[in-house]
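**Student:** I have a structure here, written as structure tokens, and I will follow up with some questions on it.
The values are calculated or read from the model by the stated rules, or taken from the named source; none is laboratory data. Given the structure is predicted, the values throughout are model-derived calculations rather than measurements. Ideal geometry is used to build each Cβ from the backbone, glycine not excepted, and the neighbour counts take in all protein chains shown. The area values use the complete protein model at the heavy-atom level, side chains included, leaving out ligands, DNA and RNA. Shrake-Rupley method; radii C 1.70, N 1.55, O 1.52, S 1.80 Å.
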Amino acid sequence: VFEYFASYISPDGEAFMTPADLMRAVVPVFPPSEASRVREGSLKGERVSSDLRCPPSKFFMLFDTNNDGLISFSEYIFFVTLLSIPESSFSIAFKMFDLDNNGEIDKEEFKKVMELMRAQHRQGSQYRDRVRSGLKVSTPVENDGLLEYFFGKDGKSRLPHEKFVQFLNDLHNEILSLEFSHYDYKSRGTISAKDFALSMVASADMKHIDKFLDRVEQLKDEPNLANIRITFEDFKKFSELRTQLRPLSLAIFSFGKVNGLLTKKDFQRAAEQVCGISLSDNVVDMIYYLFDVNRDGRLSSDEFLRVLQRREEDNLQPREAGLMGLLSCWLQCSKSNCSTRILF
């Protein structure tokens, strides 16, 4: 991912991202429907790399710790590790390293927490001795990133748990805002039904993407849907639903097994009562349009959840379970003096 989007190569051969490169790498989008463009990329045989239709993010530049206007590979890995941290997993690890139980950790303790988080991350874990084989990097991951921002230039400040959790929330909200701004091509404050549909399927399995894109194109034949507009609040609530896949899937499958047909009202009730997320009729109509494959009023829940899972595959469920398993194993090993090989 880094090599694909990194557009600057230093004289000594090290690859770097610009802020725009970083935004393209972490915001999965199609070109907005209200623009007269087709999807573009920078692989061999494709046309020039497409731009995001949104303003540059000053928030992203916090990761440019040496203020050279470029993002190194280690800064990028620090970024995606932060982006993938579930709050519950970080809180557990944070408490483990907060030895004096005052709700704060120092710079060295934070580096240990991040190293643990990175080990649970699909991209970050591909390191040997904190350097990825086959790609030149100038500094280890845990010595880069936002350490100065969190701990000051002298590195002696302490990081409160609440401050870091708020930072993670701000990071996710920034990316969501950038994605919405990209599709809000004419700055109306809303996006079209087609753009919302494109955002939903942008992370679908490439083996099935054509099927979903065909459904998106067929929206023009559904005037009741094609003309609706999706607000940022709608967009944000659907994003929140992706973070609640475990309870949502349990509710959907258990209800469907007992009652058969899962109506739109049933789905809305599951989202609100089980996940605490109130979805508008417009959002639910779009979900059923894309994922009611047989057009019988029945949600194809396996395909719907699979698309949501792919968007969050580096996030909550797989790694949270992995971290909990790791902590559980630590406790067991401390009692039985088992080999560290079992941990990994």
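**Student:** Residue by residue through the stretch 81-103, note down the ones that are more than 30 Å from Leu22 (Cα to Cα) and open to solvent by less than 60 Å² (accessible area, probe 1.4 Å).
**Tutor:** Taking the stretch 81-103 first, the residues more than 30 Å from Leu22 (Cα to Cα) are 95-103.
Selection gives Phe97, Asp98, Gly103.
**Student:** Which residues, taken from the stretch 83-100, are of a type in the set (S, T, N, Q) and over 11 Å from His161 (Cβ atoms)? If you could, list the steps in order and put the result at the bottom.
**Tutor:** Going through the stretch 83-100, the residues of a type in the set (S, T, N, Q) turn out to be 84, 88-89, 91.
Ser84, Ser88, Ser89 - these are the residues of the stretch 83-100 that are of a type in the set (S, T, N, Q) and over 11 Å from His161 (Cβ atoms).
**Student:** Something else: State all residues of the stretch 182-214 that are assigned to a helix (DSSP H, G or I) and surrounded by fewer than 19 Cβ atoms within 10 Å (Cβ to Cβ); if no residue qualifies, say none. It would help to see each step written out before you state the result.
**Tutor:** Looking only at the stretch 182-214, we keep the residues that are assigned to a helix (DSSP H, G or I), and these are 182-183, 193-201, 209-214.
Correct list: Ile209, Asp210, Lys211, Leu213, Asp214.
**Student:** When you go through (1) within 20 Å of the chain's Cα centre (by Cα); (2) modelled with pLDDT of 90 or more; (3) farther than 17 Å from Phe304 by Cβ one by one for Met206, which number turns out not to apply?
**Tutor:** Every listed condition holds for Met206 apart from (2).
**Student:** Condition (residue is under 14 Å from Leu290 (Cβ atoms) and touching a residue at least 12 places away in the same chain (Cβ under 8 Å)) applied to the stretch 172-194: is it met by at least one residue? Even if it seems obvious, please write down each step before you answer.
**Tutor:** As a first pass, look at the stretch 172-194 and keep what is under 14 Å from Leu290 (Cβ atoms): 193-194.
After this cut, where a residue has to be touching a residue at least 12 places away in the same chain (Cβ under 8 Å) as well, the list is 193-194.
Within the stretch 172-194 (the criterion being under 14 Å from Leu290 (Cβ atoms) and touching a residue at least 12 places away in the same chain (Cβ under 8 Å)), the answer is yes, since at least one residue qualifies.
**Student:** Among the candidates Glu272, Glu217, which residue alone is within 21 Å of Tyr185 (Cβ to Cβ) and either without any contact (Cβ under 8 Å) to a residue 60 or more places away in the chain or of a type in the set (Asp, Glu) (or both)? Full working, then the answer.
**Tutor:** Working: Glu272 fails: within 21 Å of Tyr185 (Cβ to Cβ).
Unique residue meeting the criteria: Glu217.
**Student:** State whether the residues of the stretch 13-23 include one that is of a type outside the set (A, V, I, L, M) and modelled with pLDDT under 75. Break it down into steps so the answer makes sense when it comes.
**Tutor:** Start the filter on the stretch 13-23 by keeping residues that are of a type outside the set (A, V, I, L, M), which leaves 13-14, 16, 18-19, 21.
Okay, now just the ones that are also modelled with pLDDT under 75, so none.
The answer is no; no qualifying residue exists.
**Student:** If you take the residues of the stretch 215-234 that are part of a loop (DSSP other than H, G, I, E, B) and of a type outside the set (A, V, I, L, M, F, W, C), which of them is surrounded by the most Cβ atoms within 10 Å (Cβ to Cβ)?
**Tutor:** Narrowing the stretch 215-234 to residues part of a loop (DSSP other than H, G, I, E, B): 222, 227-228.
Subsequent filtering for residues that are of a type outside the set (A, V, I, L, M, F, W, C) retains 222, 227.
On the way: Glu222: 13, Asn227: 10.
Among residues in the stretch 215-234 that are part of a loop (DSSP other than H, G, I, E, B) and of a type outside the set (A, V, I, L, M, F, W, C), the one surrounded by the most Cβ atoms within 10 Å (Cβ to Cβ) is Glu222.
Yes/no matrix, rows are residues, columns are (1) modelled with pLDDT of 85 or more; (2) surrounded by fewer than 19 Cβ atoms within 10 Å (Cβ to Cβ); (3) of a type in the set (Lys, Arg):
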site: Val137; (1), (2), (3): no, no, no
site: Val141; (1), (2), (3): no, no, no
site: Tyr149; (1), (2), (3): no, yes, no
site: Lys153; (1), (2), (3): no, yes, yes
site: Lys156; (1), (2), (3): yes, yes, yes
site: Asp170; (1), (2), (3): yes, yes, no
site: Leu176; (1), (2), (3): yes, yes, no
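**Student:** Hey, can you tell me all the residues within the stretch 276-287 that are under 16 Å from Pro223 (Cα atoms) and open to solvent by 10 Å² or more (accessible area, probe 1.4 Å)?
**Tutor:** Asp281, Asn282, Asp285
**Student:** Sticking with this structure for a sec: Can you tell me which of (1) among the charged types (D, E, K, R); (2) surrounded by fewer than 16 Cβ atoms within 10 Å (Cβ to Cβ); (3) over 23 Å from Leu219 (Cα atoms) is the one Asp266 doesn't meet?
**Tutor:** Single failed check for Asp266: (2).
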